[in-house]
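As C-alpha cells, the structure follows; a few thoughts come after it.
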Amino acid sequence: MSSWKENVRSVEPYTPGEQPQRKDIIKLNTNENPYPPSPAVEEALRAFDVGRLRKYPTPDAAELVSALSEVYGLPKEQIYVGVGSDDVLAMSFLTFFNSKKPILFPDVTYSFYDVWADLFKIPYERLPLASDWSVLPGDYLRENGGVVIPNPNAPTGKLLPLSDIEKIVAGNPASVVIIDEAYIDFGGESALPLLSKYENLLVVRTMSKSRSLAGSRIGFAFGNPDLIKYLWDVRNSFNSYTMDSVTQAVGAASLRDRAYFEDTCSRIMKTRERFSAEMKALGFTFPESAANFIFASHPEIDAAKLFSDLKEAGIFVRYFPGPRTGQSLRITIGTDEEMDRLIAFLKEYLKK
Ligand code: PMP
C-alpha cells in the first residue's frame, strides 16, 4: 500500500551541542565566547527605538551590510548576511552546489555539511585528512561540484596555510570554493585577500564566536559581486526578511568596537596557549589549534568515559563518537579560571 510517507523529505538532522540552563556549570561544549559582547552592543539595545519594530527591516539588511563594508573595507555588493553562518552556509549550498558531481569536504569536519548535502540532495565525497589531521590540498583538485572547507578546521582546530587554500581555489575555476572562517579571528590568516584574484571564492564568517554574539545569530559572507548576487536571489526566493532590525543594530555596534574585539580575541588566544601547555604536560595530545577550542586525546583515557565523568562534575565539553573522532574531546577555551578548574579536575582524574 502506498503511504504519504513516500513523499516526505525525511532527513537525519544535525545534533547541536547541549544548552543546559543550569548556571553552576562550566560550559566548554559549543565554542561560545566566555566574555560578554562589547559594551557598545548594550548601548545599541538601550538606544533602539521600539517603534522601528512596526515596520519590516530593510530586505537587504542595509544597516549591517554598511557596517561590514566599513569595517572590512569591501564594497556592499561583495557582502551577504544571514541568520548565523549556518544560515549563510545552507543558502550557499543551495545556491552554488547545484551539480551532479560530488562536492568535496574533509572526512573530519563540521558535521552540518553532510546534513545540508543530504537535505538538498547534493552528492558528496568526504576526503580523509592526513594522520596529523591536515587537510591535503592536492586531494581537492579532482573533478567536483564544489568544495567546502573550514579554516581553521573544526573540530580539529588545525589551520591550513593560505598558500594551500589558494591552491584549492585556483585549481577549481569551475566550482565555487567555500572557506568557512568561523574561527579565523583566533589567530589564522584569512582568505579575504584572495577575493580580488578569484571569482569562485566565498569566505563565510560568523559573529557567534569571536564577537560573543551566538545568541544574536549573525553570519556573513564575502565574494565577488556576481557570486553574492546569486546568493541574495536564492535567499529572496525563500524569505526576504531574515535579518531583523534589532539584530542588525547589535551586529553593527559590535563591528564598530574594534578595540574590544581585538582585546577579547587576544585574551582567548593567550588562555589557549597556556591551557595547551598544561594539557601537554598532563600527557594529552592534540593538533596545534588556531581556534577557540582544542581537540584533545589521552593515551590512557577513554574519551567517552571522560566526557561523561566531566559532565557529572559540571564541566561540559563536546564528544563526537565514531572511528575517527571517538578518542578525542573538543574543549572550548573559556576564561582562565574555567580552564584552571578543568586542569585541576584532570590532574585528580589522572591520579586514579
Ligand atoms: N561553521 C563552523 C565550522 C562551526 O563550528 C559553526 C558553529 N557550530 C558554524 C559554522 C555555525 O555557527 P553560527 O551559525 O553560530 O554562525
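The values are calculated or read from the model by the stated rules, or taken from the named source; none is laboratory data. All figures in this text were calculated on a predicted structure; none of them were measured in a lab. Please note: Cβ atoms are built from the backbone with ideal geometry, for glycine as well, and neighbour counts cover all protein chains shown. Each accessible area value is taken on the protein alone, full model and side chains, heavy atoms only, with ligands, DNA and RNA left out. Shrake-Rupley method; radii C 1.70, N 1.55, O 1.52, S 1.80 Å.
Tabulated data
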read-out	value
Antiparallel %, DSSP beta bridges [both residues in the chain], to 5	50
Per-residue HN-Hα couplings for segment 165-174 [Karplus 6.51, -1.76, 1.60; θ = phi - 60°; Hz; x = Gly/Pro]	4, 4, 4, 5, 5, 5, x, 10, x, 9
For ILE103, distant residues with modelled amide H under 5 Å away	TYR124, GLU125, GLY145
For segment 39-144, size of Cβ-based charge dipole, Lys and Arg +1, Asp and Glu -1, in debye	400
Whole-angstrom gap from segment 129-178 to segment 307-352, using each part's C-alpha centre	29
Carbon + sulfur, % of accessible area of segment 196-339 - ligands and nucleic acids excluded, 1.4 Å	52
Cross-link table LYS158/LYS347; LYS5/LYS100; LYS23/LYS121; LYS27/LYS100, entries beyond 32 Å C-alpha to C-alpha	LYS23/LYS121; LYS27/LYS100
Only Lys, Arg (+1) and Asp, Glu (-1) charged, at Cβ; the chain dipole about Cα centre in debye	440
Pairs of Cα atoms farther than 28 Å apart, the chain, %	45
Karplus (6.51, -1.76, 1.60) ³J(HN,Hα), θ = phi - 60°, over segment 182-199, in Hz, Gly and Pro reported as x	4, 10, 5, 6, 9, x, x, 9, 6, 7, 3, x, 6, 4, 6, 9, 10, 8
Distant-in-sequence amide H partners of ILE26 (H built 1.01 Å from N, under 5 Å)	ILE315, PHE316
GLY334 long-range amide H proximity, modeled H, under 5 Å	MET339
Cα-derived Rg over Rh, computed across segment 1-60 with Rh taken as Kirkwood radius	1.20
Extension gain from ALA304 to ALA170, taking 0.36 nm per residue of separation minus the Cα-Cα distance	44.2 nm
Accessible surface ranking that places the most exposed of TYR349, TYR56 first, with a 1.4 angstrom probe	TYR56, TYR349
The chain, relative contact order in percent, only Cα pairs under 8 angstrom and at least six apart counted	24
J(HN,Hα) series, segment 347-352, from Karplus relation 6.51 cos²θ - 1.76 cosθ + 1.60, nearest Hz, glycine and proline x	4, 5, 4, 6, 6, 5
Contour minus Cα-Cα distance for GLU77 and ARG256 (0.36 nm per residue)	62.5 nm
Relative packing of 145-152, 250-257, which averages over residues the other C-beta atoms within 10 Å, highest first	145-152, 250-257
Cα centre as origin, Lys/Arg/Asp/Glu Cβ charges: segment 194-352 dipole, Debye	120
